[in-house]
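Student: Below is the structure I would like to discuss, written out as structure tokens.
The values are calculated or read from the model by the stated rules, or taken from the named source; none is laboratory data. Note that the coordinates shown come from a computational prediction; the quantities given were computed from them, not determined experimentally. Cβ sites come from the backbone with ideal geometry, for glycine too, and all protein chains shown count toward neighbours. Keep in mind that these areas ignore ligands, DNA and RNA; they rest on the heavy atoms of the full protein, side chains included. Shrake-Rupley method; radii C 1.70, N 1.55, O 1.52, S 1.80 Å.
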Amino acid sequence: MRTTTLIGAGALAAAAVLVGPAAALASTSSTLYVAPNGHDSSPCSRTAPCRTIGHTIHTAHAGNTVLVAPGTYREHVTVGKRLALRAQGPGTLIDATGALNGIGLGVDFSDPNTRVGNASGSTVNGFTIKNATQEGIVALGSNFDIANNVIAHNDLGATSAHPAGECAGEGQVPGDCGEGLHLAGVTHSIIEGNYVTGNQGGILVSDEFGPTAFNLIAHNTVVNNVPDCGITLPGHNPAAINSSGVRQPSMGGVYRNRIIDNTVNANGAAGIGFFAGGPGTGSYDNTAEGNSISSNGIPGVAIHTHALHSDTNGNRILGNFFSRNGLGEGGSAPVGDPGTPVNTTTNIDVVADPGATPISGTVIQHNRITNARVGIWLVTGGGSTTLGGNTFQNVQTPVRHS
């Protein structure tokens, strides 16, 4: 649950895109093909596929479809144009061992952070992405459709003896390597039906390169991402809120995203988190609805503000199922949240640190809240919360105010 700006560093070490005379042989079709038995000197046609995804993307034109046959592709993939990148069947694996990312859409977290063309409107469907040093998939742009992928065993740089880039910690906040799937400045996109497991964290929705807003994150399974959060929506961009507390939505902020009908279980920190880590950051007016959220290390939904001139107002928690969250809290605050008093199993907490901007406009309604000592813990700094229609089962204290 990192709540400070992520800055990537390091050098790419996986297979690079091939360029040269072979590109002239490319198929003129709008669909290009990749297969493990192909050759990058081929025209990337159905009958003469290419061998690497990277070369085929380099050959493709904006608007093309790249179909990838099942098999293992030991490379990283960077997309800098609008493409439909589709796996043709189960077992289509991008093994990004040694690379920063498995798939980069419009961005490449090398040193310095680099935007790569414009991949807006691209599709990534049906792949398994494993073993990246940082993100399995990282995106910058708009109108993406990222669906039905398995994103597992990435963020490997977190266990390095000397973590660097996004994997490096900052003060009390541990490195998170960007999680398995990272939206780093993304709008009007759909993230649906992905299985995200075994990464440092699950899905990261942040605003390093500009606002991340109006996205739908639905029907994903985000489980066993330890030690970080399942789905994290932290404001990282200090330009999102000005010194008068006024939102600047064209500059930054994580807002008006919908987190709908996901399964978010057994992650190391929060199941779903809305965080403003420093002055000028914002994660506001988002909705978490219809999710199943269980057995996460800190509360199932956590809304935290850590500084003045920041904003986690107006988030809505509606119709979710919660059970047995806060399992990692054994009497001390979670790492990175020194002002948080929550110290027992808790399914929802809303916490403004001492001296931080109060949290107002939170709506918590029609949730089923089970199996925790505290159902909802409110430490809002005097801000307003609307409660109603929640049901509690095997909960010692349904609502606690501190």
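Student: Can you find a residue that is assigned to a loop (DSSP other than H, G, I, E, B), farther than 24 Å from THR344 by Cβ and modelled with pLDDT of 95 or more anywhere in the range 216-227? It would help to see each step written out before you state the result.
Tutor: So in the range 216-227, the residues assigned to a loop (DSSP other than H, G, I, E, B) come out as 219-220, 224-227.
If we keep only those that are farther than 24 Å from THR344 by Cβ too, we end up with 219-220.
With the extra rule that they be modelled with pLDDT of 95 or more, the set shrinks to 219-220.
Within the range 216-227 (the criterion being assigned to a loop (DSSP other than H, G, I, E, B), farther than 24 Å from THR344 by Cβ and modelled with pLDDT of 95 or more), the answer is yes, since at least one residue qualifies.
Student: Residue by residue through the range 201-215, note down the ones that are crowded, with 19+ Cβ neighbours inside 10 Å and out of contact with any Gly (no Cβ under 8 Å at 6 or more places or on another chain).
Tutor: Once the filter is applied, which keeps residues that are crowded, with 19+ Cβ neighbours inside 10 Å and out of contact with any Gly (no Cβ under 8 Å at 6 or more places or on another chain), the range 201-215 yields VAL205, ASN215.
Student: Report, by residue number, each residue of the range 275-290 that is surrounded by 22 or more Cβ atoms within 10 Å (Cβ to Cβ) and either among the small types (Gly, Ala, Ser) or touching an Asp or Glu at 6+ places or on another chain (Cβ under 7 Å) (or both).
Tutor: Once the filter is applied, which keeps residues that are surrounded by 22 or more Cβ atoms within 10 Å (Cβ to Cβ) and either among the small types (Gly, Ala, Ser) or touching an Asp or Glu at 6+ places or on another chain (Cβ under 7 Å) (or both), the range 275-290 yields ALA276, GLY277, GLY280, GLY282, SER283, TYR284, ALA288.
Student: Mind checking which residues of the range 81-121 are touching a Lys or Arg at 6+ places or on another chain (Cβ under 9 Å), free of Cβ contacts under 8 Å to residues at least 60 places away in the same chain and open to solvent by 20 Å² or more (accessible area, probe 1.4 Å)?
Tutor: Within the range 81-121, LEU93, ASP95, GLY117, ASN118, SER120, GLY121 qualify.
Student: Which residue pairs have Cβ atoms closer than 6 Å, lie 6 or more positions apart in sequence or on different chains, and pair a first residue in the range 367-382 that is on the phi > 0 side of the Ramachandran plot with a second residue that is part of a strand (DSSP E or B)?
Tutor: ASN371/SER323; ASN371/ASN394; GLY381/ALA352
Student: Being modelled with pLDDT under 95 and over 20 Å from PHE209 (Cα atoms) narrows it down to one residue among GLY126, GLY91, GLY117, GLY98; which is it?
Tutor: Every option except GLY98 fails the conditions.
Student: Restricting to the range 12-47, and then to whatever is modelled with pLDDT of 50 or more and in contact with a helix residue (DSSP H, G or I) (Cβ under 6 Å, 6 or more places away or on another chain), can you tell me which residue is surrounded by the most Cβ atoms within 10 Å (Cβ to Cβ)?
Tutor: The selected residue is CYS44.
Student: Of everything in the range 186-200 that's open to solvent by 10 Å² or more (accessible area, probe 1.4 Å) and not hydrophobic (A, V, I, L, M, F, W, C), which residue is nearest to VAL107 (Cα to Cα)?
Tutor: THR187
Student: Filtering the range 178-198 down to residues that are in a loop (DSSP other than H, G, I, E, B) and more than 11 Å from the chain's Cα centre (by Cα), which residue is farthest from ASN143 (Cα to Cα)?
Tutor: So, considering only residues that are in a loop (DSSP other than H, G, I, E, B) and more than 11 Å from the chain's Cα centre (by Cα), the one farthest from ASN143 (Cα to Cα) is GLY198.
Student: For residues that are surrounded by 24 or more Cβ atoms within 10 Å (Cβ to Cβ) and closer than 20 Å to ALA147 by Cβ, scanning just the range 216-231, find the one that is nearest to the chain's Cα centre (by Cα).
Tutor: That would be ILE231.
Student: Pairs please, first residue from the range 150-166 and in contact (Cβ under 8 Å) with a residue 60 or more places away in the chain and within 26 Å of GLY193 (Cβ to Cβ), second anywhere and part of a loop (DSSP other than H, G, I, E, B) and open to solvent by 60 Å² or more (accessible area, probe 1.4 Å), Cβ atoms under 8 Å, 6+ apart in sequence or on different chains.
Tutor: Going by the 8 Å Cβ cut-off, the qualifying pairs are GLU166/ILE7.
Student: When the residues of the range 49-74 are filtered to those that are touching a residue at least 40 places away in the same chain (Cβ under 8 Å) and not basic (Lys, Arg), which remaining residue is most open to solvent (accessible area, probe 1.4 Å)?
Tutor: Residues of the range 49-74 touching a residue at least 40 places away in the same chain (Cβ under 8 Å): 53, 57-58, 68, 74.
If we keep only those that are not basic (Lys, Arg) too, we end up with 53, 57-58, 68.
On the way: ILE53: 0, ILE57: 6, HIS58: 84, VAL68: 0 Å².
Only one residue fits best here, namely HIS58.
Student: Going through the range 356-402 one residue at a time, which ones are in a loop (DSSP other than H, G, I, E, B) and either among the charged types (D, E, K, R) or open to solvent by 60 Å² or more (accessible area, probe 1.4 Å) (or both)?
Tutor: The answer is HIS366, GLY382, SER384, SER402.
Student: Restrict the check to the range 291-309 and report whether at least one residue is outside any loop (DSSP other than H, G, I, E, B), open to solvent by less than 10 Å² (accessible area, probe 1.4 Å) and in contact with a Lys or Arg (Cβ under 7 Å, 6 or more places away or on another chain). Give the derivation first.
Tutor: Just the residues of the range 291-309 that are outside any loop (DSSP other than H, G, I, E, B), to begin with: 292-294, 301-305.
Among the residues that remain, those that are also open to solvent by less than 10 Å² (accessible area, probe 1.4 Å) are: 293, 301-305.
Add one more test, that the residue is in contact with a Lys or Arg (Cβ under 7 Å, 6 or more places away or on another chain), and what stays is none.
No, the conditions are met nowhere in the range 291-309.
Student: Could you grab me the full set of residues in the range 327-352 that are at pLDDT 80 or above and open to solvent by 20 Å² or more (accessible area, probe 1.4 Å)?
Tutor: Across the range 327-352, the qualifying residues are LEU327, THR344, THR345.
Student: Pairs under 8 Å by beta carbon, first residue touching a residue at least 40 places away in the same chain (Cβ under 8 Å) in the range 225-246, partner open to solvent by 40 Å² or more (accessible area, probe 1.4 Å) and of a type in the set (A, V, I, L, M), six or more apart or different chains?
Tutor: From residues that are touching a residue at least 40 places away in the same chain (Cβ under 8 Å), the pairs are ASN237/MET251; ALA239/MET251; ALA240/MET251.
Student: If you don't mind, another one. Just the residues that are more than 18 Å from LEU318 (Cα to Cα), open to solvent by less than 20 Å² (accessible area, probe 1.4 Å) and in a strand (DSSP E or B), please, taken from the range 239-274.
Tutor: ILE241, VAL254
Student: Sticking with this one: Considering only the range 113-162, give the strands (runs of 3 or more DSSP E) lying wholly within it that have at least 2 residues that are polar (S, T, N, Q).
Tutor: On the way: elements: 123-125, 128-130, 137-142, 145-147, 150-152.
Per the criteria, 123-125.
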